[in-house]
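Here the structure is laid out as structure tokens; the discussion comes afterwards.
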Amino acid sequence: MPAPRTRAKRTIKGTATVAGEVLDWELLSEQGWDPVEGMRGLRIAVTLQRATGRTLILQYPAPEQRDMRDPSARERPKVDAARVEADIHRAVAAGFDPLSRGRPRTMLVEDLPDEA
């Protein structure tokens, strides 16, 4: 019996400049099931380009539950670099300091304030 096919992890990366600091972002994990949190959305890790600083994890909302037999329900969400950069700016406005040190900070994108 052949092994089940698995999808390769996408490699999605980019950079953003916030307050003169260059931040690198990349896909941390695809949407999927988490035994503790339930359905979890796509997550993006944001780090300072120079290796010192705190990591930000942007967690996007999980999609609505759909019938997984439908091929469109298994599609991976699109990642728009401009949106990720705007969400990084929103996270900084909400209090994330990339120059601070400590554990990674997870912020839900839907809870971030809108840019004024």
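Name the pairs: first residue in the range 37-59 and over 11 Å from Val109 (Cβ atoms) and surrounded by 13 or more Cβ atoms within 10 Å (Cβ to Cβ), second residue among the aliphatic types (A, V, I, L, M) and at pLDDT below 85, Cβ to Cβ under 9 Å, at least 6 apart or on different chains?
As it stands, the answer is Met39/Ala62; Arg40/Ala62, since those pairs meet every condition given.
Just checking, how many residues over the range 13-36 are charged (D, E, K, R) and under 17 Å from Thr106 (Cβ atoms)?
Number satisfying all stated conditions: 3.
Which one of Leu112, Leu108 is of a type outside the set (Lys, Arg), out of contact with any helix residue (DSSP H, G or I) (no Cβ under 8 Å at 6 or more places or on another chain) and at pLDDT below 90?
Exactly one residue qualifies, and that residue is Leu108.
Any residue at all in the range 69-85 that is assigned to a loop (DSSP other than H, G, I, E, B) and at pLDDT 90 or above?
The answer is no, given that none of the residues of the range 69-85 is assigned to a loop (DSSP other than H, G, I, E, B) and at pLDDT 90 or above.
Looking at Gly102, is it at pLDDT 85 or above and exposed (fewer than 10 other Cβ atoms within 10 Å of the Cβ)?
Taking the combined requirement at face value, the residue satisfies it.
Note down all Cβ pairs under 8 Å where the first residue falls in the range 17-34 and is under 19 Å from Tyr60 (Cα atoms), the second is loosely packed, with under 15 Cβ neighbours inside 10 Å and hydroxyl-bearing (Ser, Thr, Tyr), and they're at least six residues apart or on different chains.
Leu23/Thr15; Leu23/Thr17; Asp24/Thr15; Trp25/Thr15; Glu26/Thr11; Leu27/Thr11
Go through the range 97-116 and give me each residue that's assigned to a strand (DSSP E or B) and in contact with a Ser or Thr (Cβ under 8 Å, 6 or more places away or on another chain).
Matches in the range 97-116: Arg105 only.
The values are calculated or read from the model by the stated rules, or taken from the named source; none is laboratory data. Quantities reported herein were computed from a predicted structural model and do not represent experimental measurements. Cβ: placed from backbone, ideal geometry, glycine included. Neighbour counts: every protein chain shown.
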